[in-house]
1. Quick check: the distance between the Cα centres of region 226-304 and region 563-594, to the nearest angstrom?
2. Have a look at the DSSP beta bridges in region 49-200 and tell me what percent are antiparallel, nearest 5.
3. Specify the longest stretch of the chain that does not include any exposed loop site, a site being one of the trypsin sites (Lys or Arg not before Pro) with a non-H, G, I, E, B DSSP assignment and at most 12 other Cβ atoms within 10 Å.
4. Give the distance, in whole Å, between the Cα centre of region 500-534 and the Cα centre of region 73-116.
5. With an 8 Å cut-off on Cα pairs and a minimum separation of 6 or more residues, tell me the relative contact order of region 417-520 in percent.
6. So what's region 388-529 giving for Cα Rg divided by 2.2 N^0.38 Å, two decimals?
7. Report the Stokes-Einstein translational diffusion coefficient (µm² s⁻¹, integer) for the chain, Rh taken as the Kirkwood radius over Cα pairs, at 4 °C with viscosity 1.567 mPa s.
8. Which percent of the accessible heavy-atom area of the chain goes to carbon and sulfur, probe 1.4 angstrom?
Amino acid sequence: MQDLRNIAIIAHVDHGKTTLVDKLLKQSGVFRLNQPVTERVMDSNDLERERGITILSKNTSVIYRDTKINIVDTPGHADFGGEVERIVRMVDGVLLLVDAFEGPMPQTRFVLSKALHAGLKPIVMINKIDREGADPAASLDKVLDLFIDLDADESQLDFPVVYGSAREGYAIRALGDEPVDMSPLLDMILSELSPPADDPAQPLRMMISAIDYDNYVGRIGIGRISAGTIAKNQEAVLCNPQGKEVRVKINTLYTYEGLKRAETAEAAAGEIVAVSGIEDINIGDTICHPEAIDPIPFVSIDEPTISMNFVVNDSPMAGREGSLVTSRHLRDRLMRELLSNVSLRVEEISPDCFKVSGRGELHLSILIETMRREGYEFAVTRPEVIEKIIDGKRCEPLEQLFVEVPEEHMGVVIEGVGQRRGELTSMTSGAGSTMKLEFIIPARGLIGYRSELLTATRGTGVINHVFDHYAPLKGEIGARSRGALVASEAGVAVAYGLYNAQERGTLFIGAGVPVYEGMIVGENSRSDDITVNICKRKQLTNTRASGSDEALRLTPPTIMSLEKCMEFINRDELLEVTPLSLRLRKEYLKKEERHRQEKIKHKAAQAAE
């Protein structure tokens, strides 16, 4: 095992993790000279490429100086922290990437805390030293301060440092060295990271840290061999701390070679492998020798803070665009997601309604977008925070909010966060004329705030947030300040009807779009909801007046993204999600039914008082 190293790459979003892996793969000769290679090759699914972020942890390996280095690329966003938590047992060390211009960022603190808590050996790379305005020395000082804040032990505080530019494909040991390639970084991994200390002479133990799926071989379990050896066609026992014990057979065994899984006959302790042929394999299970059943305890996973209800779509347009629309389809898909998404929770409230809890809005929006692309059709409610009873008091999750804005917009940001029960804890100068503001704010205060911030700062504000702690409720937070424009009848939106409706507020749809009664077609300029008839056509007469035949001038509609829709909806509204459309609607489509429900709620509130 002297010729083996296992390392994970961690960093804040967009600090260069996946680009660095590209260069390491290229230098190690994984790609042919004439092979076309896309950027961020590890971001393999469409959503990761579109959004420019890593969502799932992935494995690869490189060969350097006859030593195999297994690399795990991890997400940088706290909403996908479960992807980081579940792989800490697979590696012996972490490579922390820090932007030389921005320094450590909020998500850097989050992912680094998980690595240090697991006792992993850190190596630091100050990346993007060629960026204009970069200050590698100041960034390194901030990294050291961060390690101290996170209570790193003495061995972790004595971390080795390398500088470089992942985009340009070089690393250097000291500032001022001549840049050549990534060899200084790879040499540092070999010298600073110890080979696996696992004992191949002990009985087999291997914990499953990830699940993949193949259309030909089915479920594939991925993990690190903690002890012993594993071989193809070997008999074993699949177990977990909850008492599960199932006799299984290893049909196929794989190791990682570059971007591919390569079939192998045997692998020893310390290696990261993938096994197939076990139907009931899940994350957290342990593969043991039949005569030494000893499951490995799974790492603790942070609890979810946000929940939404996923309900069967019952709108008049249900079933037109999606192929998977029933409650059975919805339930099976959510239960399948639980097998690989360790930080997700699903609770069946009724046969047609499921409460899905996750780390944040982004965590849940990625699941929604993935499902709609697979052909699912359903509806979701407004995100709600998950409260806890602590010492007899109702408590809610509080988050650390980090906002970087130009100085002229600082006042409007502080005012906006204050209205959402946020408290300013720190204010420092950033690069140029920007200010870095830190707040403690209830998680429910963040719902819908991102779009409000971008509007208030004219698109110049940068926002990040991470979970901090639970505390007693901070009080009421105002809901959406404006009402909705609700379609009064079913049909197709026409220019004449839209022209009359746009005077009432902002429209979300254009002409030619099918609508139904109760569908939200825009935002009212006032606080109450109003019904509009956007299907109304101009009545033709034989009388003509000056200007009556001029073309109607329609304001272009506001296009609502999935995240904007999730932020917009109120508690009495739903977001209808289909493979082709996102439609906002009232929970009760009939106007009379909505009025009746309002009276019922009003009477219930009076009785409670």
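The values are calculated or read from the model by the stated rules, or taken from the named source; none is laboratory data. In this text the structure is predicted, and so the values were computed from the model without any measurement. Every residue, glycine as well, gets a Cβ built from its backbone with ideal geometry; the counts of neighbours run over all protein chains shown. Ligands, DNA and RNA are excluded from the accessible area calculation, which covers all protein heavy atoms including side chains. Shrake-Rupley method; radii C 1.70, N 1.55, O 1.52, S 1.80 Å.
1. 44 Å
2. Details: 10 of 20 bridges.
Beta bridges within region 49-200, antiparallel portion: roughly 50 percent.
3. The longest uninterrupted stretch comes out as 66-457.
4. Measuring centre to centre over Cα atoms gives 44 Å.
5. Numbers: 103 pairs, mean separation 22.0, N = 104.
The value is 21 percent.
6. On the way: Rg = 19.6 Å, N = 142, 2.2 N^0.38 = 14.5 Å.
Dividing the Cα Rg of region 388-529 by 2.2 N^0.38 Å gives 1.35.
7. Details: Rh = 27.0 Å.
So the translational diffusion coefficient is about 48 µm²/s.
8. Values: 13610 of 28640 Å².
That share works out to 48 percent.
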